[in-house]
1. Work through the residues other than Ile2 whose Cβ is under 10 Å from its Cβ and net out their charges, Lys, Arg +1 and Asp, Glu -1.
2. Any chance you could run the full-extension gain for Lys7 through Val94? It's 0.36 nm times the residue separation minus the Cα-Cα distance, nm to one decimal.
3. Under 16 Å from a point placed 7 Å out from the Cα of Ile114 along the Cα-to-Cβ direction: which residues of the stretch 165-183 have their backbone N that close?
4. What pairs in Lys7/Lys102; Lys157/Lys205; Lys151/Lys205; Lys10/Lys119; Lys123/Lys151 have C-alpha atoms more than 22 Å from each other?
5. Assuming 0.36 nm per residue, please report the length gained on full extension of the stretch Lys68 to Ala201 beyond their Cα-Cα distance.
6. Could you compute the net charge surrounding Gly16? Neighbours are other residues with a C-beta less than 12 Å from the C-beta of Gly16; K and R count +1, D and E count -1.
Amino acid sequence: MIEPRYKSDKVELYLGDCLEILPQLEPGSVDAVVTDPPYGINLQPQTRHGWNGKQHGRYSPIIGDDSKFDPKPFMIYPLVVIFGANYFSDQLPVGGWIIWDKTLGKYLGTSPEIAWCNKPGLKIIRVLHNGVINADSVYGNNEPRYHPTQKPVALIKEILVDYPNAATILDPFMGSGTTGVACMQTGRKFIGIEIDPTYYAIAEKRIRQAEAQLLLGI
């Protein structure tokens, strides 16, 4: 049994393979999954250097991004939001879609990102995100980009708006911990799993800081 590296009233954080850790989570303990998994972008590394860290040496390679992603293990949860679903849409049941417009009509060369959800409908979220600095700097958080596919906290918070009764959120591919930070800022519980020790350490630090700010009422 893999024990959490960090645990509090609001948070459980695990370092390891989510497929090994998920079966040990208490049944019914998760209300929603919100995640951005490795979905095989690095199957063609010669054309996708930026995704695996070769072009941007400041980032560690994304473990598992050289294999096809199987979404089936995550379909057991009552609410699911998975980014990159356009790369494995043939493996998904009928559901809804979230379109993240990063440009707000101001920049060229940055494509929108797509997430699948098991809640029917279509939602467009417009949160600015351009260049190396994460878009959260626009919203006053002033955080750098720690991970090559890092999402803005503001984006995850906009997604969570549609799940007001989801008290505990799971991110099995936690990365640098953005979903956990968003959960702390919206008063939810969070379970995070990350296989890469470097990114796990970043995620734990960010989430514990956000948790401390929550407790202090900042």
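1. Numbers: positive: Arg5; negative: Glu3, Asp17, Glu20.
Cβ neighbours under 10 Å give a net charge of -2.
2. On the way: separation 87, 0.36 × 87 = 31.32 nm, distance 3.54 nm.
Extra length from Lys7 to Val94 when fully extended: 27.8 nm.
3. Within reach of a label on Ile114, which here means backbone N under 16 Å from a point 7 Å along Cα→Cβ, the stretch 165-183 contributes nothing.
4. Numbers: Lys7/Lys102 34 Å; Lys157/Lys205 19 Å; Lys151/Lys205 17 Å; Lys10/Lys119 25 Å; Lys123/Lys151 17 Å.
Where the Cα-Cα span goes over 22 Å, the pairs concerned are Lys7/Lys102; Lys10/Lys119.
5. On the way: separation 133, 0.36 × 133 = 47.88 nm, distance 2.59 nm.
Working it through step by step, the gained length comes to 45.3 nm.
6. Values: positive: Arg5; negative: Glu3, Asp17, Glu20, Glu194, Asp196.
Overall, the nearby charge balance is -4.
Every number here is computed from the coordinates shown, using simple stated rules; none is lab data. Keep in mind the model is a prediction, meaning the values are calculated, not measured. Reconstructed Cβ throughout: ideal geometry from the backbone, glycine too, with neighbour counts over all protein chains shown.
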